[in-house]
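Q: Pasting in a structure now, in structure tokens, and then I'll have a few things to ask.
The values are calculated or read from the model by the stated rules, or taken from the named source; none is laboratory data. Every value quoted in this text rests on a predicted model; they were computed, and no experiment measured them. All Cβ positions, even for glycine, are placed from backbone atoms using ideal geometry, and neighbour counts span all protein chains on display. All accessible areas refer to the heavy atoms of the entire protein, side chains included, with ligands and DNA or RNA removed. Shrake-Rupley method; radii C 1.70, N 1.55, O 1.52, S 1.80 Å.
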Amino acid sequence: QLVESGGGLVQAGGSLRLSCAASGRTSNNYAMGWFRQAPGKEREFVAAIRWNGGSTYYADSVKGRFTISRDSAKNTVHLLMNSLKPEDTAVYYCAVNQGVITSTIRSADMYDYWGQGTLVTVSS
């Protein structure tokens, strides 16, 4: 089970931190990722982190502005979003990829479990 929190309304240039708490059993080689879906658009990859080793991956559109991190003790992943833009407005979803392969870590189809989503609205 994945439970997201931290969404809300923020002005352009502001910051938000999303969190996703995971419960239940996972494989030894898994990753957690964030995806987003804006109205009328397809779901897109935002960021991911390998739980073992902590390697991170970002979409070009958020690189340098967003930071994904993990708290292993709490089985939680965070997404710190800085310098937010109106085009970052979307529902953000947390997901778990149980058998992660680097070449497919950005593909939503490879993720096994999804949270309910949290809305982020950036006003101009």
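Q: Please go through the stretch 94-124 and give me each residue that is open to solvent by 10 Å² or more (accessible area, probe 1.4 Å) and of a type in the set (S, T, N, Q), ordered by number.
A: Listed by number, the residues that qualify are Gln98, Thr102, Ser103, Thr104, Ser107, Gln116, Thr118, Thr121, Ser123, Ser124.
Q: Same structure again: For the stretch 1-105, give me every one of the strands (runs of 3 or more DSSP E) that falls completely inside it and has 1 or more residues that are aliphatic (A, V, I, L, M).
A: Numbers: elements: 2-5, 8-11, 16-22, 31-37, 44-50, 56-58, 66-71, 76-81, 90-97.
In the stretch 1-105, the matching strands (runs of 3 or more DSSP E) lie at 2-5, 8-11, 16-22, 31-37, 44-50, 66-71, 76-81, 90-97.
Q: Against the definition (closer than 13 Å to Gly117 by Cα and either of a type in the set (Val, Ile, Thr) or at pLDDT 95 or above (or both)), how does Val3 come out, yes or no?
A: Yes.
Q: Being closer than 23 Å to Ile101 by Cα, in contact (Cβ under 8 Å) with a residue 40 or more places away in the chain and not charged (D, E, K, R), is that true of even one residue in the stretch 68-76?
A: Yes, the stretch 68-76 contains at least one residue that is closer than 23 Å to Ile101 by Cα, in contact (Cβ under 8 Å) with a residue 40 or more places away in the chain and not charged (D, E, K, R).
Q: Take the residues in the stretch 98-112 that are touching a strand residue (DSSP E or B) at 6+ places or on another chain (Cβ under 7 Å) and either among the small types (Gly, Ala, Ser) or free of Cβ contacts under 8 Å to residues at least 24 places away in the same chain (or both); name whichever of them is nearest to Cys20 (Cα to Cα). Walk me through how you get there before you give the answer.
A: At the first step, the residues of the stretch 98-112 found to be touching a strand residue (DSSP E or B) at 6+ places or on another chain (Cβ under 7 Å) are 100, 105-106, 108, 110-112.
From the residues that got through so far, the ones that are either among the small types (Gly, Ala, Ser) or free of Cβ contacts under 8 Å to residues at least 24 places away in the same chain (or both) too are 108, 110, 112.
Details: Ala108: 17, Met110: 18, Asp112: 15 Å.
That would be Asp112.
Q: Given the residues Ala95, Ala73, which is the only one that is at pLDDT below 95 and under 14 Å from Ala21 (Cβ atoms)?
A: Ala73
Conditions tested, residue by residue: (1) of a type outside the set (Lys, Arg); (2) touching a Phe, Trp or Tyr at 6+ places or on another chain (Cβ under 8 Å); (3) open to solvent by 50 Å² or more (accessible area, probe 1.4 Å).
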site: Gly53; (1), (2), (3): yes, no, yes
site: Phe66; (1), (2), (3): yes, yes, no
site: Asp71; (1), (2), (3): yes, no, no
site: Ser83; (1), (2), (3): yes, no, yes
site: Pro86; (1), (2), (3): yes, no, yes
site: Tyr92; (1), (2), (3): yes, yes, no
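Q: Tell me, please, whether a residue that is open to solvent by 30 Å² or more (accessible area, probe 1.4 Å), among the hydrophobic types (A, V, I, L, M, F, W, C) and within 24 Å of Gly14 (Cβ to Cβ) can be found in the stretch 27-42.
A: Scanning the stretch 27-42 turns up no residue that is open to solvent by 30 Å² or more (accessible area, probe 1.4 Å), among the hydrophobic types (A, V, I, L, M, F, W, C) and within 24 Å of Gly14 (Cβ to Cβ).
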